[in-house]
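Working notes for the structure below.
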Amino acid sequence: MVDKSFDFAKESEKMASDSVHYQKMMDEYLYYRQYLSAGKERYSDYELERSRAFNIRNKAFKNYDKLLVDFETNFIKNGGKVVWACNADEAVESIVNILNENDLKNIVKSKDYVINEIDLYNVLIDKGFNVEDIDINEYLLKLAADRVDLNLINYDNKTSDDVSQILSKKFKKDFADDAPLLLKYISDILKDKISVSDTIITGADFLVSDNGSVVIGENEGYIIESLSQANVHIIIAGIEKVIPSWNDLSVLLPLSKIYDDAIDNCSSMISIINNNSDYGKKHKLYLVLLDNGRSEVFAEEKQKTVLTCLHCGACQKVCPITNIISKSLYENSNYGPVGTVLIPLINKSEDYSHYCNLCTSCGQCEDVCPINISLRDLIFCNRLKFTKKESIFTKDGLLYYFISNRLKNRKNMDKGGYKMKNKELRLLLGKTWGVKREIPVFAENSFSQYWKKLNGLEK
Ligand code: SF4
């Protein structure tokens, strides 16, 4: 539900004029760019692999019902239990029931994408469960108690100084700005939490239909460690995670990690969960398959392709809008270009139509997307679907009436001369243009006039 007290435009403006945020964002963006070219260079024919991935995912949409049912059958054969959840409430309720039925209290969680989507953490805490993060980023986010800390910690490319500040504030003692020591300190805390856990809750990267496997990637190894400690593993995954075959993983899995810096230092780890007996007799495995509006996105002819997303994160890291306003302003675990497409579709409310404007059409997201999703087109489709047709008697209406009228023919475009055009533009854009940029100024001669003069074509 949209938080009515949250003024998106106001908060965005505040964030966009925050120079500390801007500098951090630029540092992170430039740091990330090196991985973009390195990632593509790992392939002898990147474009071919990209289109293979696109075809695998899009073909699967044609018989998704069957793929899901086959996956369920095979997952059960492997010893797991499947719960179908239509929405967030059903998913949360079923997880609480599993925890109560098995008398579980101490939970560790990781891969929070869907966990955050259904707001599971807050519900479990309210109900008295002990829930701990074993993903370092999420752990630090939880430690960051206020907005200043959150902004400090919001960057994937955190400095050791950022981390030492958060830890010092939280634990009320000085932490040296020393990355290995800080990492060791956090790692010891997480390992202690894992050692007393009875349950692990995670998301998933892929659900493989033809053998019922669940694929979970991570960079830190705490999921693998938790799987050997906890007696119960609850996986929560969106229905779009199902892929047809085990063989498809050879294409999709490397592409999902294509820009991952962890690949360079060999710290990327994959757990493939396909036989419950791997964990011993006591271990129980549950999978909550979540719809939560996805079926309706599947019904959209064009926008459904956003569900082929591999969650590599690249489009979010290169999007100028996401970088400028920061991911913390998106009211959903989906942020960046994917969120811009998904949030209005899933919520189907005009309250979310402002997301349709969060795109400059720069196309960087499409360039980097390893599965070739035409994000710009999809955002444009959403604009057509969700943006209300404005009356021309509003400022924007008048502006667009003026522009379209002027653009109808050359004569109209030059009518009144440059002084008149500048006056009209100032009148129409007024305060909506903002105080931080100047309204563009028409040149004395239009290009057409200049060209005619240059070529002696004036009448
Ligand atoms: S849509 Fe974005 S996050 Fe998803 S695969 Fe493409 S680039 Fe990666």
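A compact table of results
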| quantity | calculated |
| --- | --- |
| Cys319 vs. criteria farther than 21 Å from Gly203 by Cα, crowded, with 18+ Cβ neighbours inside 10 Å and away from the ligand (no atom under 16 Å from the Cβ) | no |
| Residue among Val251, Val214, Val232, Val208 that is within 16 Å of the ligand (Cβ to nearest atom) and over 20 Å from the mean Cα position of the chain (by Cα) | Val251 |
| Scan of the stretch 226-245 for residues that are among the hydrophobic types (A, V, I, L, M, F, W, C), more than 11 Å from Phe206 (Cβ to Cβ) and touching a helix residue (DSSP H, G or I) at 6+ places or on another chain (Cβ under 9 Å), ordered by number | Leu227, Ala230, Val232, Ile234, Ile236, Ile239 |
| Per-region count, the stretch 437-456, residues open to solvent by 100 Å² or more (accessible area, probe 1.4 Å) and within 15 Å of Arg410 (Cα to Cα) | 3 |
| Residue selected from the stretch 137-182 under the condition modelled with pLDDT of 80 or more and not in a helix (DSSP H, G or I), by the criterion least open to solvent (accessible area, probe 1.4 Å) | Phe175 |
| Subset of the stretch 74-90 (residues that are assigned to a helix (DSSP H, G or I) and in contact (Cβ under 8 Å) with a residue 40 or more places away in the chain) | Asn74, Phe75, Ile76, Lys77, Ala88 |
| Criterion (open to solvent by less than 10 Å² (accessible area, probe 1.4 Å) and part of a strand (DSSP E or B)) met by exactly one of Val288, Val341 | Val288 |
| Residue within the stretch 99-114 that is at pLDDT below 90 and on the phi < 0 side of the Ramachandran plot present | yes |
| Gly80 of a type outside the set (S, T, N, Q) and in the same structural domain as Leu249 (by TED's automatic domain parsing) | yes |
| Of residues in the stretch 356-370 being within 15 Å of the ligand (Cβ to nearest atom) and part of a helix (DSSP H, G or I), the one farthest from Val251 (Cα to Cα) | Gln364 |
| Any chance Lys408 is more than 16 Å from the ligand (Cβ to nearest atom), loosely packed, with under 15 Cβ neighbours inside 10 Å and part of a loop (DSSP other than H, G, I, E, B) | yes |
| Residue count for the stretch 371-388, restricted to those that are within 11 Å of the ligand (Cβ to nearest atom) and open to solvent by 30 Å² or more (accessible area, probe 1.4 Å) | 2 |
| Members of the stretch 94-104 found to be surrounded by 15 or more Cβ atoms within 10 Å (Cβ to Cβ) and not in a loop (DSSP other than H, G, I, E, B), listed by number | Ser94, Ile95, Val96, Ile98, Leu99 |
| Residue match in the stretch 389-400 (condition: of a type in the set (Phe, Trp, Tyr) and over 30 Å from Glu47 (Cβ atoms)) | yes |
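To keep it simple, each residue is scored yes or no on (1) assigned by TED's automatic domain parsing to the domain that holds Leu207; (2) in contact with a Cys (Cβ under 8 Å, 6 or more places away or on another chain); (3) closer than 29 Å to Arg52 by Cβ.
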{"position": "Gly217", "(1), (2), (3)": "yes, no, yes"}
{"position": "Glu225", "(1), (2), (3)": "yes, no, no"}
{"position": "Gln229", "(1), (2), (3)": "yes, no, no"}
{"position": "Lys241", "(1), (2), (3)": "yes, no, yes"}
{"position": "Pro244", "(1), (2), (3)": "yes, no, yes"}
{"position": "Asp248", "(1), (2), (3)": "yes, no, yes"}
{"position": "Leu255", "(1), (2), (3)": "yes, yes, yes"}
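The values are calculated or read from the model by the stated rules, or taken from the named source; none is laboratory data. This structure is a prediction, so every number in the text was calculated from the model and none was measured. Cβ sites come from the backbone with ideal geometry, for glycine too, and all protein chains shown count toward neighbours. We work out accessible area using only protein heavy atoms, side chains counted, and drop any ligands, DNA or RNA first. Shrake-Rupley method; radii C 1.70, N 1.55, O 1.52, S 1.80 Å.
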